[in-house]
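The values are calculated or read from the model by the stated rules, or taken from the named source; none is laboratory data. Note that the coordinates shown come from a computational prediction; the quantities given were computed from them, not determined experimentally. Heads up, the Cβs are rebuilt from the backbone with ideal geometry, glycines too, and the neighbour counts pull from every protein chain shown.
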Amino acid sequence: MSRPTEPIPALFFVSAFGRKKEIILSAVEKLAKFLGPVQWTSPWLAFDFTDYYTPEFGKPLVRAFFFFGLRPQEDLIEVKHWAYEVERSFMENERRLVNLDPGYLLLSRLVLSTFKDFAHRIYLGRGVFAEVTLIFRGGSFKPLPWTYPDYAAPETIALFNKAREDYKKLLRC
């Protein structure tokens, strides 16, 4: 019987969206007190793949991905709860002004965290589920049947392919 291997650290990121860039940046700055400094940020993108958030946030929405450093994969539970508390600190009239969705990247996959259960999600603990959203095959990340359309978009795939290259450099350190 073989012994379990120690998992490699993951590159943590947060997808952040809302109506105002300055609020998003303030929320990410607050989250960085838990996660450490942002290593790099994606360009701002329109968040227009769904109207699901329109009743709460209004329109138009903008999004960016913020990449932090390497952390143990099991930190995803705590990071999800930190992000939730930061979101709550930016509420107005019982509506969020920013949405923070943490996840992490490995060489083989991209994992998102959620508080919502579904058939393809694995329970981690403390109300947090994990979902493999993209897998790396044939030189690029690929979506799965349940991947959100914004994560399956070519510009998002390109962004995570770049993040994967940066992650490989961090692992060599």
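Specify which of the listed residues (PRO154, PRO143) is touching a helix residue (DSSP H, G or I) at 6+ places or on another chain (Cβ under 8 Å), free of Cβ contacts under 8 Å to residues at least 24 places away in the same chain and within 17 Å of PHE49 (Cα to Cα). Working first, answer last.
Values: PRO154 fails: touching a helix residue (DSSP H, G or I) at 6+ places or on another chain (Cβ under 8 Å).
Of PRO154, PRO143, the one residue that is touching a helix residue (DSSP H, G or I) at 6+ places or on another chain (Cβ under 8 Å), free of Cβ contacts under 8 Å to residues at least 24 places away in the same chain and within 17 Å of PHE49 (Cα to Cα) is PRO143.
When both residues are 6+ apart or on different chains and their Cβ atoms are under 9 Å apart, which pairs have a first residue that lies in the range 20-40 and is over 18 Å from PRO60 (Cα atoms), and a second that is of a type in the set (Ser, Thr, Tyr) and not in a helix (DSSP H, G or I)?
Once the first residue is over 18 Å from PRO60 (Cα atoms) and sits in the range 20-40, its partners that are of a type in the set (Ser, Thr, Tyr) and not in a helix (DSSP H, G or I) give VAL28/THR41.
For the structure I just gave you, tell me whether LEU171 is surrounded by fewer than 14 Cβ atoms within 10 Å (Cβ to Cβ), of a type outside the set (D, E, K, R) and assigned to a helix (DSSP H, G or I). Let's see the steps before the verdict.
On the way: surrounded by fewer than 14 Cβ atoms within 10 Å (Cβ to Cβ): yes; of a type outside the set (D, E, K, R): yes; assigned to a helix (DSSP H, G or I): yes.
Judged against the criteria, LEU171 is a match.
Across the range 126-146, which residue is farthest from PHE66 (Cα to Cα) among those that are in contact with a His (Cβ under 9 Å, 6 or more places away or on another chain) and buried (at least 17 other Cβ atoms within 10 Å of the Cβ)? If you could, list the steps in order and put the result at the bottom.
So in the range 126-146, the residues in contact with a His (Cβ under 9 Å, 6 or more places away or on another chain) come out as 126-128, 131-132, 144-146.
Filter once more, so that each one left must be buried (at least 17 other Cβ atoms within 10 Å of the Cβ): 128, 131-132.
On the way: VAL128: 21, GLU131: 19, VAL132: 19 Å.
Looking at the filtered set, the residue picked out is VAL128.
For LYS33, all conditions in the list (1) over 23 Å from SER140 (Cβ atoms); (2) in contact with a strand residue (DSSP E or B) (Cβ under 8 Å, 6 or more places away or on another chain); (3) of a type in the set (Lys, Arg) hold save one; what is the number of the exception?
(2)
Out of (1) modelled with pLDDT of 95 or more; (2) outside any helix (DSSP H, G or I), what's the single condition that is false for PRO7?
Here PRO7 meets the rest and fails (1).
Among the numbered conditions (1) under 17 Å from the mean Cα position of the chain (by Cα); (2) closer than 19 Å to VAL38 by Cβ; (3) in contact (Cβ under 8 Å) with a residue 24 or more places away in the chain, tell me where GLU85 comes up short.
That leaves (3) as the condition not met.
Residue under question is THR156, and the condition is that it be touching a strand residue (DSSP E or B) at 6+ places or on another chain (Cβ under 7 Å), surrounded by 11 or more Cβ atoms within 10 Å (Cβ to Cβ) and closer than 18 Å to SER15 by Cβ; does it hold? Before the answer, list the steps.
Working: touching a strand residue (DSSP E or B) at 6+ places or on another chain (Cβ under 7 Å): no; surrounded by 11 or more Cβ atoms within 10 Å (Cβ to Cβ): yes; closer than 18 Å to SER15 by Cβ: yes.
When the stated conditions are applied, THR156 does not pass them.
Restricting to strands (runs of 3 or more DSSP E) lying wholly in the range 17-125: which have 3 or more residues that are buried (at least 17 other Cβ atoms within 10 Å of the Cβ) and modelled with pLDDT of 95 or more? Walk me through it before giving the result.
Details: elements: 62-71, 98-105, 109-114, 122-125.
Once the strands (runs of 3 or more DSSP E) in the range 17-125 are filtered for at least 3 residues that are buried (at least 17 other Cβ atoms within 10 Å of the Cβ) and modelled with pLDDT of 95 or more, what remains is 62-71, 98-105, 109-114.
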